[in-house]
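J.: Have a look at this one before I ask anything.
What follows draws every value from the coordinates through simple rules; no lab data is involved. Every value quoted in this text rests on a predicted model; they were computed, and no experiment measured them. Every residue, glycine as well, gets a Cβ built from its backbone with ideal geometry; the counts of neighbours run over all protein chains shown.
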Amino acid sequence: MSKSIVIIGAGLAGVTAARCLRTEGYQGTIHLIGEEPCGAYDRPCLSKELLAGKVNEPAAILGPDWSKSANITLHLAERVTEIDIANRQVRLQSGGHIPYDYVLLATGSRARRIQAEGSNLPGIHTLRTYEDANRLKDSLATAKSLVIVGGGLIGCEVATTASGLGASVTILECGDELLLRVLGRDTGKWCRNELERIGVQVERSAHALRFEGDERVRAVVCTDGRRIEADTVLVSIGAEPADDLARTAGIECQPGGGVLVDATGKSSDPSVFAAGDVAAWPLRSGERRSLETYLNSQIEAETAALAMLGKPQPSPQTQTSWTEIAGHRLQMAGDINGPGEIVVRNNEQSRSRLLFRVLDNRVEAAIAIDDPRDFSIASRLVTRGVPVSTPELADPQFSLRDFLKAKA
Ligand code: FAD
Ligand code: NAD
């Protein structure tokens, strides 16, 4: 009998895995099941080009006929409600079940909800899906004042876009700096200055206590009494891996969220794999967690597809991502938060900036601001573990390209 692989979640990781299974020659059945009504699309543009009105819809990750031509059974607007491990089948919300030999969990993550009085008032948004982005965009079309609760990646990207659309924007961040999780203190502070330069007001150590309003939100009140008027609010306080199907099925998950997998994507049940935001994947640093990035989700999905075909190629991950804030493009490789020394390399001429976290003469992480050329070299320093000297790294006259060539 033909084999059957069921992929739960038809987002980036789901379609990447489906495509990889076919390009690797798998001829069995593939069911790709996604609860959103449309096929996989470019999520990163939601907070950037789509909200700014530069595009009317997000680009599709694969062309309109790809599932047909790859002979993939696509179930859209369909939710999987259970993985029945004992009987090796998944249950669908619309009724019925699909048997499997392997399951790939590619359910991504969800926007974390805020526990505060008034948080259900009209005008309060979260941003994860195309539908969310359309709702927020409609709200911003008439918004005079936007308050963003949470100064991480979504908060700072939307603040950039919304202030470009003419709204008065305030970010309420509970930490003492913006963007600490992904960019660290130095770059977080740099981004705050740049956001303030384009007119965004930033309130740090601000904890939203309640939302005021009647037919619509009117203001956000913080625990210390700060009250900021708003006709639109975005809550962007982090993502939670959508791991409930795995938890209910008894598959091991990280206490803080995420399906625990090995470096091929295999979970505690050998017929269930996970990839993308939902997976707590092994990192090169030795930890296991969800990296919540586009590029890592793609690599994990391909790795899991290969493993399901019996061609395991363990792939511990190094976080790699990008963002666009206050008119700047930032690219990141590795985790900038960690032990060691931060080395800054400012290039006054090109107005670009590189930051390195160096530990024991090796670059553990790098951030490039407006410097895509040197980022490609810096990211190789991170992945190759080449010994470096910090005075040279900090010197903008020192050619990283020649240095890497010489070490190759
Ligand atoms: P998703 O893309 O979330 O796809 C998961 C899919 O599974 C969803 O469609 C969901 O509806 C579906 N699903 C969930 N549960 C079920 C179920 N039970 N049954 C059926 N279907 C289900 N990363 C970057 O590196 N750079 C960026 O600039 C960037 N910008 C971003 C901007 C925004 C606004 C957001 C929200 C994210 C951004 N990211 C960015 C992160 C990146 O988009 C994610 O890391 C990536 O989408 C993860 O892919 P995924 O397939 O794991 O999850
Ligand atoms: P995030 O983790 O980047 O930032 C959340 C921020 O909210 C943090 O700074 C945190 O301190 C703050 N916060 C938490 N609770 C708070 C509270 N009660 N009040 C005020 N502040 C609070 O998460 P996000 O910005 O919500 O993004 C969600 C997901 O989307 C993540 O997975 C992220 O990686 C992804 N994303 C990625 C990109 C990118 O890579 N460029 C862009 C947008 C979104």
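J.: What net charge is computed for the residues neighbouring Arg218, neighbours being all others with C-beta under 14 Å from the C-beta of Arg218, Lys and Arg scored +1, Asp and Glu -1?
T.: Details: positive: Lys144, Arg210, Arg216, Arg227; negative: Glu117, Glu212, Asp214, Glu215, Glu229, Asp231.
Summing Lys and Arg as +1 and Asp and Glu as -1 gives -2.
J.: I'd like to know how the chain sits against the 2.2 N^0.38 Å rule of thumb: what's its Cα Rg over that expected value? Don't skip to the end; give the middle numbers.
T.: On the way: Rg = 22.3 Å, N = 408, 2.2 N^0.38 = 21.6 Å.
Against the empirical 2.2 N^0.38 Å value, I get 1.03 for the chain.
J.: Computed over the Cα atoms of segment 94-239, what is the ratio Rg over Rh, Rh following Kirkwood?
T.: Working: Rg = 17.0 Å, Rh = 16.1 Å.
Dividing the radius of gyration by the Kirkwood radius yields 1.05.
J.: Let me ask you something else. Which of the aspartates and glutamates could be linked to Lys266 by a straight reach, that is with a Cα gap under 15 Å, when you skip same-chain ones fewer than 8 residues away?
T.: Counting by Cα, and skipping residues close in sequence, Lys266 has these aspartates and glutamates nearby: Asp101, Asp243, Glu252, Asp277, Glu300, Glu302.
J.: Give the order of Ile61, Ile148, Ile198 when sorted by the count of other beta carbons within 10 angstrom, beginning with the fewest.
T.: Ranking Ile61, Ile148, Ile198 by Cβ neighbours within 10 Å, fewest first, gives Ile198, Ile61, Ile148.
J.: Taking Cα centroids, how far is segment 35-62 from segment 218-252 in Å?
T.: Result: 22 Å between the Cα centres.
J.: Rounding to the nearest 20 debye, state how big the charge dipole of segment 113-235 is about its Cα centre with +1 on each Lys and Arg Cβ and -1 on each Asp and Glu Cβ.
T.: Dipole size: approximately 120 debye.
J.: Next question. Given N residues in segment 338-407, what is its alpha carbon radius of gyration divided by 2.2 N^0.38 Å? Let's see the in-between values first.
T.: On the way: Rg = 10.9 Å, N = 70, 2.2 N^0.38 = 11.1 Å.
Relative to the rule-of-thumb radius for its length, segment 338-407 sits at 0.98.
J.: Count the net charge of all other residues whose Cβ sits under 14 Å from the Cβ of Arg345, scoring Lys and Arg as +1 and Asp and Glu as -1. Before the final figure, lay out each step's value.
T.: Values: positive: Arg351, Arg353, Arg357, Arg373, Arg401; negative: Asp186, Glu341, Glu348, Asp370, Asp371, Asp374, Glu392, Asp395.
It works out to a net charge of -3.
J.: I would also like to ask the following. From the cross-link list Lys54/Lys189; Lys48/Lys189; Lys48/Lys405; Lys48/Lys311; Lys54/Lys405, which pairs have alpha carbons spaced over 30 Å apart?
T.: Numbers: Lys54/Lys189 28 Å; Lys48/Lys189 21 Å; Lys48/Lys405 36 Å; Lys48/Lys311 38 Å; Lys54/Lys405 39 Å.
Beyond 30 Å: Lys48/Lys405; Lys48/Lys311; Lys54/Lys405.
J.: Percent antiparallel among DSSP beta bridges with both residues in the chain, to the nearest 5?
T.: DSSP beta bridges in the chain are roughly 60 percent antiparallel.
J.: At q = 0.11, 0.14, 0.21 Å⁻¹, what is the log10 ratio I(q)/I(0) for segment 8-130, with the Debye formula run over Cα points and no solvent?
T.: -0.47, -0.72, -1.24
J.: Of all beta bridges DSSP finds with both residues in segment 113-235, what is the antiparallel percent, to the nearest 5?
T.: On the way: 8 of 23 bridges.
Approximately 35 percent, going by the DSSP bridge assignments.
J.: Viscosity 1.002 mPa s, temperature 20 °C: what is the translational diffusion coefficient of segment 131-216 from Stokes-Einstein with a Kirkwood Rh over Cα pairs, rounded to a whole number of µm²/s?
T.: Values: Rh = 13.4 Å.
Diffusion coefficient, whole number: 160 µm²/s.
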